[in-house]
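Here's the structure we're looking at; comments come further down.
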């Protein structure tokens, strides 16, 4: 494809292809995940059916449906395995395409005049990707935090209940001990990695960047005094605020990585 001579048009064209390639890569990865879920579920059912067939042979009561079901699951697993391998090659191709288009987009961005209003507009639009990235990471951290808290709550209740039910020399008293240890380890990991704090910081930064993005459009807050003829100054102020927020976010992440002893030394 012949690239447009206009740097702005070239950047927009490559960015469009880049976003489409990312969408294809995400779809391929989602499909791969489904393939693996189906394959693992099929293998588990194959194991159960194979055990059922063996038991049936021992008891001299082979059932035809067991063999049919086992054969059907084998065919299903082989087919899904083949599709997973084929889809894996597509993922590699899509990933390479995304990398190449990302490089082309960066190269096209370098040909844009850095002091132009157009390049500042592109930076403002690119900030939406930063917001989406931060919110995605925040959602993952908060989901992890909520899952861990659910495990701790349910595990604690189950451990207390089993301890009371298995008081004395119960043959399964070790179960409550293992469960209690598992809950303690999970709580320790949650306290160490601080998923809730990480998610909260990312979400707050994303909200602040989005606030500045909307303020530049409607000329609110710090951007109220900049008219149409001062768009470049307004966008430079926006870029300054976004970079400041990203730097503050990096510092908060570094603080979370430090242990209490390291913070006191500093």
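If you go through the stretch 212-229 and pick out every residue that is in a helix (DSSP H, G or I) and surrounded by 14 or more Cβ atoms within 10 Å (Cβ to Cβ), you end up with 6. Per the conditions (1) surrounded by 12 or more Cβ atoms within 10 Å (Cβ to Cβ); (2) at pLDDT below 85; (3) part of a helix (DSSP H, G or I), the sole criterion not satisfied by residue 125 is (1). Would a scan of the stretch 219-229 turn up a residue that is at pLDDT below 90 and within 20 Å of residue 137 (Cβ to Cβ)? Within the stretch 219-229, none of the residues are at pLDDT below 90 and within 20 Å of residue 137 (Cβ to Cβ). Selection of first residues in the stretch 29-49 that are in contact (Cβ under 8 Å) with a residue 12 or more places away in the chain and of second residues that are exposed (fewer than 15 other Cβ atoms within 10 Å of the Cβ), restricted to Cβ pairs under 8 Å at least 6 apart or on distinct chains, gives the following pairs, ordered by first then second residue: 32/88.
Looking across the stretch 1-24, the residues that are at pLDDT below 70, within 16 Å of residue 100 (Cβ to Cβ) and touching a helix residue (DSSP H, G or I) at 6+ places or on another chain (Cβ under 6 Å) come down to 3, 11.
Test residue 139 against the criterion of being assigned to a helix (DSSP H, G or I) and surrounded by 15 or more Cβ atoms within 10 Å (Cβ to Cβ), and give yes or no. Judged against the criteria, residue 139 is not a match. Could we say that residue 163 is over 34 Å from the mean Cα position of the chain (by Cα), at pLDDT below 85, surrounded by 14 or more Cβ atoms within 10 Å (Cβ to Cβ) and assigned to a helix (DSSP H, G or I) here? Judged against the criteria, residue 163 is a match. Somewhere in the stretch 251-264, is a residue modelled with pLDDT of 90 or more and over 16 Å from residue 120 (Cα atoms)? So far as the stretch 251-264 goes, yes, one or more of its residues are modelled with pLDDT of 90 or more and over 16 Å from residue 120 (Cα atoms). Exactly one residue out of 30, 79 is loosely packed, with under 11 Cβ neighbours inside 10 Å, under 33 Å from the mean Cα position of the chain (by Cα), part of a helix (DSSP H, G or I) and at pLDDT 80 or above, and it is 30.
The values are calculated or read from the model by the stated rules, or taken from the named source; none is laboratory data. Every value quoted in this text rests on a predicted model; they were computed, and no experiment measured them. Here the Cβ is made from the backbone with ideal geometry for all residues, glycine too, and neighbour counts use every protein chain on show.
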